[in-house]
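Asks: Let me give you the structure first, and then I'll get to my questions.
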Amino acid sequence: MGNIEDIVDSLENKISKVLHRLELLKLENSKLNDELANSKQKLEAQKKQIASWEEKYEALKLANTMLGSDDNKRETKLKINALIRDIDHCIAQLSE
């Protein structure tokens, strides 16, 4: 009978260790999930910031184009022509 009791004690001990390990893994998983959520929030904030900077860059680029900087003469001419076409279209619609 002593042999069966030893086996049962050994199984209980192993089960206890497995349950303890399970709890540790659950805690670690929870911690990793929290870190993942935080990382996702930071990523979204960075994406919004990048989008904001891209908008500002495009606005600045457009302003430089409108000012007629030497670097963007062709773009300036194209933008002016597009604005003239828009104005002509508006005048045509008002005339009707």
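Asks: So which of Leu78, Leu67 ends up being at pLDDT below 90, exposed (fewer than 10 other Cβ atoms within 10 Å of the Cβ) and under 35 Å from the mean Cα position of the chain (by Cα)?
Replies: Values: Leu78 fails: exposed (fewer than 10 other Cβ atoms within 10 Å of the Cβ).
Of Leu78, Leu67, the one residue that is at pLDDT below 90, exposed (fewer than 10 other Cβ atoms within 10 Å of the Cβ) and under 35 Å from the mean Cα position of the chain (by Cα) is Leu67.
Asks: Then there's this: On the basis of being of a type in the set (S, T, N, Q), at pLDDT below 95, surrounded by 10 or more Cβ atoms within 10 Å (Cβ to Cβ) and more than 27 Å from the chain's Cα centre (by Cα), does Asn3 make the cut?
Replies: Spelling it out, it is not the case that Asn3 is of a type in the set (S, T, N, Q), at pLDDT below 95, surrounded by 10 or more Cβ atoms within 10 Å (Cβ to Cβ) and more than 27 Å from the chain's Cα centre (by Cα).
The values are calculated or read from the model by the stated rules, or taken from the named source; none is laboratory data. As the structure is a computational prediction, the values presented were derived from the model and not from experiment. Virtual Cβ from ideal backbone geometry, glycine too; neighbours counted across all protein chains shown.
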